[in-house]
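See below for the structure under consideration.
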Amino acid sequence: MRTRVRACLAGVARLLVAALVLASAPARAENWTVASEDYFPPYNFTERGKRTGMDTEIVDAMLKDIGVYPVHRPMAWPEVVRAHDENEVDVAFQFFTSPRRLERGHLVGPYRVGATVLMVRSNSEITYARIDDLQGLRIGVVDGFEYTPEFDKSPLFERVRSSSNVVSFRRLLLGRVDAIAGDLQVLRYLADSEGRTGSVKILPKPLAMVPRYISVPKLRAEKAERLQAAYEKLKRDGTIDAIVRRWER
């Protein structure tokens, strides 16, 4: 009998020890895959082996708020869109709202508003007030990017496609295009990082002011709800706006 009691007590002790070990062990982190364009400064890029940038910091802050660890997957923009639409990632950025985007994902935001502008060489006499002013021009755009519905569909000018804003910018400097279209902060960052701010200028009137969103694939509705709640909290307490101000040029 005593042997049975001792065996029973030993078994209980082992269970208690196992329970204490499990309770003291750190919880396994929840990881979400995050897709963004590989090189799109100042919004998302890699520096010293770490993903950084305005939008990257905003997404990381939102995920931290809900206790999630981001696993960043930088890729070419068309691949970001494909990975999102085929439900291969948890989060992707940065999108603007459109019927296609609303059909394919849950849009979280807008977390900032970006100006889509035209950049020309500093000695250019090109002006822009309406789409007709662009007639006959060669304008550099990035393959897979959407700018504005009017701009994207206009037959008045030639769109010269490239793989990145960097390629478009260098074509502008070389005179291979008359202007390039892009995000104000991105084009300013490029000119500054290349040491060519004096060689180019941004036309005063933007093509559009575009609200930007983070998107979660349609099949991941529960994650979208959690991310939306984090967005609302960090927007309300000023965290998101503080990140934007810190990166703006």
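In table form, for the structure just shown:
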item	result
So Val71, is it crowded, with 18+ Cβ neighbours inside 10 Å and of a type in the set (Val, Ile, Thr)	no
Enumeration of residues in segment 48-74 that are at pLDDT below 95 and either basic (Lys, Arg) or in contact with a strand residue (DSSP E or B) (Cβ under 9 Å, 6 or more places away or on another chain) (or both)	Arg48
In segment 44-62, the residues that are closer than 21 Å to Ala224 by Cα and of a type in the set (Ser, Thr, Tyr)	Thr56
Residue in segment 142-157 that is farther than 21 Å from Val81 by Cα, open to solvent by less than 10 Å² (accessible area, probe 1.4 Å) and touching a strand residue (DSSP E or B) at 6+ places or on another chain (Cβ under 7 Å) present	no
Verdict on Val108 being under 23 Å from the mean Cα position of the chain (by Cα) and under 23 Å from Val200 (Cβ atoms)	no
Number of positions in segment 209-239 that are surrounded by fewer than 17 Cβ atoms within 10 Å (Cβ to Cβ) and aliphatic (A, V, I, L, M)	4
In segment 29-52, the residues that are among the small types (Gly, Ala, Ser), in contact (Cβ under 8 Å) with a residue 24 or more places away in the chain and either in a loop (DSSP other than H, G, I, E, B) or surrounded by fewer than 20 Cβ atoms within 10 Å (Cβ to Cβ) (or both)	Ala29
Residue match in segment 55-65 (condition: among the hydroxyl-bearing types (Ser, Thr, Tyr), in the same structural domain as Pro41 (by the TED database) and surrounded by fewer than 18 Cβ atoms within 10 Å (Cβ to Cβ))	no
Flag if Val244 is surrounded by 20 or more Cβ atoms within 10 Å (Cβ to Cβ) and in contact with a helix residue (DSSP H, G or I) (Cβ under 7 Å, 6 or more places away or on another chain)	no
Unique residue being among the aliphatic types (A, V, I, L, M), in contact (Cβ under 8 Å) with a residue 40 or more places away in the chain and within 25 Å of Val177 (Cβ to Cβ) when the list is Val120, Val108	Val120
Residue within segment 79-92 that is in contact with a Pro (Cβ under 7 Å, 6 or more places away or on another chain) and of a type in the set (S, T, N, Q) present	yes
Single residue of segment 101-118 satisfying the filter (hydrophobic (A, V, I, L, M, F, W, C) and open to solvent by 50 Å² or more (accessible area, probe 1.4 Å)) that is nearest to Ala242 (Cα to Cα)	Val113
Residue in segment 168-178 that is open to solvent by 20 Å² or more (accessible area, probe 1.4 Å) and of a type in the set (Ser, Thr, Tyr) present	no
Only one of Gly198, Gly175, Gly140, Gly136 that is within 24 Å of the chain's Cα centre (by Cα) and either among the acidic types (Asp, Glu) or modelled with pLDDT of 95 or more (or both)	Gly140
Helices (runs of 4 or more DSSP H) (entirely within segment 143-249) containing at least 2 residues that are under 21 Å from Tyr39 (Cα atoms) and touching a Pro at 6+ places or on another chain (Cβ under 6 Å)	184-193
Single residue of Val142, Val117, Val81 found to be of a type in the set (A, V, I, L, M, F, W, C) and more than 21 Å from Ile202 (Cβ to Cβ)	Val81
Cross-chain or 6+ apart pairs with Cβ under 8 Å, segment 82-100 first and at negative phi and open to solvent by 10 Å² or more (accessible area, probe 1.4 Å), then modelled with pLDDT under 95 and in a loop (DSSP other than H, G, I, E, B)	Phe96/Glu146; Ser98/Glu146
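The values are calculated or read from the model by the stated rules, or taken from the named source; none is laboratory data. Not measured: the values here are computed from a predicted model. Every residue, glycine as well, gets a Cβ built from its backbone with ideal geometry; the counts of neighbours run over all protein chains shown. For accessibility, only protein heavy atoms count, side chains too; no ligands or nucleic acids. Shrake-Rupley method; radii C 1.70, N 1.55, O 1.52, S 1.80 Å.
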